[in-house]
1. Against the condition over 22 Å from GLN331 (Cβ atoms) and part of a helix (DSSP H, G or I), how does LEU103 come out, does it pass?
2. Taking ALA142 and the conditions (1) closer than 30 Å to TRP48 by Cα; (2) in contact with a Ser or Thr (Cβ under 9 Å, 6 or more places away or on another chain); (3) crowded, with 24+ Cβ neighbours inside 10 Å; (4) not basic (Lys, Arg), which numbered condition does it fall short on, given that it satisfies the others?
3. Identify, by number, the condition in (1) closer than 29 Å to LEU330 by Cβ; (2) aliphatic (A, V, I, L, M); (3) modelled with pLDDT under 90 that LEU137 doesn't meet.
4. If only one of ALA68, ALA94, ALA85 is without any contact (Cβ under 8 Å) to a residue 40 or more places away in the chain, hydrophobic (A, V, I, L, M, F, W, C) and more than 24 Å from GLY402 (Cβ to Cβ), which one is it?
5. Since VAL464 meets every condition but one in (1) closer than 23 Å to ARG392 by Cα; (2) modelled with pLDDT under 85; (3) surrounded by 14 or more Cβ atoms within 10 Å (Cβ to Cβ), which condition does it not meet?
6. Any chance you could count how many residues in the range 472-516 are at pLDDT 80 or above, outside any loop (DSSP other than H, G, I, E, B) and either among the small types (Gly, Ala, Ser) or within 20 Å of TRP423 (Cα to Cα) (or both)?
7. Kindly evaluate GLY64 against the criterion of being small (Gly, Ala, Ser) and surrounded by fewer than 20 Cβ atoms within 10 Å (Cβ to Cβ).
8. Please work out which one of (1) on the phi < 0 side of the Ramachandran plot; (2) among the small types (Gly, Ala, Ser); (3) surrounded by fewer than 16 Cβ atoms within 10 Å (Cβ to Cβ) is the condition ALA304 fails and give its number.
Amino acid sequence: MPATAAYAPPLSRILQWLVVVLAVRLGVMLLVVQGADLAGDEAYYWDWGRRPDWGYYSKPPMIGWMMAAIGWLTGHAEWGIRAAALLLGTGMLAVTWRLARDLFGGSVAGLATLLVLLTPGNAGLCLLLTIDAPLLLAWTLALWLYWRAAALPASWTRWAALGLVIGFGCLSKQMMLVFPLLMVVHAALSPEDRPLLRNTRYWTAILLGLLFMLPVLKWNQEHGWITLEHTRHHFDTQSLTWSRWLGRLGENVGLQALIYTPVLFVALVLVLWRGLGAFRTLSRPERFLWLFSAPALACFALLALRQRINPNWPAAFFVPAVILTARWLLQAPQDGWRRWTLRTAAVLAALIHLALVITMSTGLQSIGKVASLRGWKEAGAQADAFLAKLPRRDHTFVMALGHRYHAAWMSFYMPSHPRLYRWEPSGTPQSQYEVWPGPEERIGDDALILDPTPGDGMLLPAEVKDAFQHVARIGTISIPLGADQRTFGVYHAQRLKTWKAIRPQASPAEAACCPP
């Protein structure tokens, strides 16, 4: 798959692109901070960061550690969380450019970086801090370090650096565990790299990366393998009619095409398919990228035949696929493909950023999903005012009912940042709030209870109400959101008598906690 020297922007041009996009996204980020509160997952992970540990209900610990560091550095400011996402996403772009340049030179590096930069997926990565931001940085950096280590297999330094990055990625998201497996697949199927299988440094890098998971595994063992159990539920399936099955399959494909732009997505599929038929004739760099993308993406395509997949799951495997596609697009006969791929991506990127600017600066803030990200500052301030008026403030805890996001948002946006507890009606762990000790550690204390259930009557569930000596409704939190409003019933519950613990590590003897 030889490439021409067409479209070869110099390094200065690449840096200009990165600086311009960084500046534009910095402006959009500041506008988003002004027009919307944190996303539910961001607030949830922030709450994890206040209690750093080796694991959490659904994820490895890196996102919690990062939130802890951001909170310490910025005083728990929204802009700190969003700025971290922007830096991680931009760092991933810089490593993508370096990897593509080492593989194919500046021509492919420029186009590949631009293609990644223009995807809606990268825009989201730079605006919202989730576990995908550190994962994609670690994955791309690991690809580059692996290529460099394979080029100088006697270098302990390069292999050690690769092992550390693999470890960082494994602590960020479980998907990074696939990287060592793909290393073995690559070495086995690439004739030039097969000697790596006999290289002690190669296996040391893999072992070093996987050693980072030992404390995480120990934490999970101590907590009833809660993360593994949560991950397993992602693969639960149900019987579907043919029409619903086709609809779900179309949804999976459509979301990926939107995230990576339609023309680029079609080009990706064509390039990976052509690579399968021409695998023996691929160059060593092409084979490297194909093996780190096509097999995993094929597995996700098959998985999509049986269930809905989250669109971010295969994100890491698209990075090498985009670089390989940029290589193909630079071939002379593909000039039309290149033009339309760039045009479509540029138009979609411009529309997305323009839509964000319009939405965050007009009354559209109060419509749809955006409305769910507004009003939490005001709600938190009102909740804190209720808390400050209670007679036993030093012996009063805060508890939220409803979705885990309610507890996370209130915890972040109440100025006092209290430790919030959450009531889970199922009696089984459904979030990190059930992994942590619950109100059973506050026997004898009062509670401020926040209930998102609409209505004016005494609507607290009997299980909650009966756990206290006395419960009274003391007010309502109501935040107008355009034609709608956010409402919480506020209750003062006195003297907690008993509480059933549902933490995963709790033994039958510890399942209930009663006063002495």
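The values are calculated or read from the model by the stated rules, or taken from the named source; none is laboratory data. These numbers were taken from a predicted model, which means no experiment stands behind them. Note that we place each Cβ from the backbone using ideal geometry, even for glycine, and neighbour counts take in every protein chain shown.
1. no
2. For ALA142, the failing item is (2).
3. Going through the list (1) closer than 29 Å to LEU330 by Cβ; (2) aliphatic (A, V, I, L, M); (3) modelled with pLDDT under 90, LEU137 breaks only (3).
4. ALA68
5. Going through the list (1) closer than 23 Å to ARG392 by Cα; (2) modelled with pLDDT under 85; (3) surrounded by 14 or more Cβ atoms within 10 Å (Cβ to Cβ), VAL464 breaks only (2).
6. Going through the range 472-516 one residue at a time, the tally reaches 20.
7. Against the criterion (small (Gly, Ala, Ser) and surrounded by fewer than 20 Cβ atoms within 10 Å (Cβ to Cβ)), GLY64 does not qualify.
8. (3)
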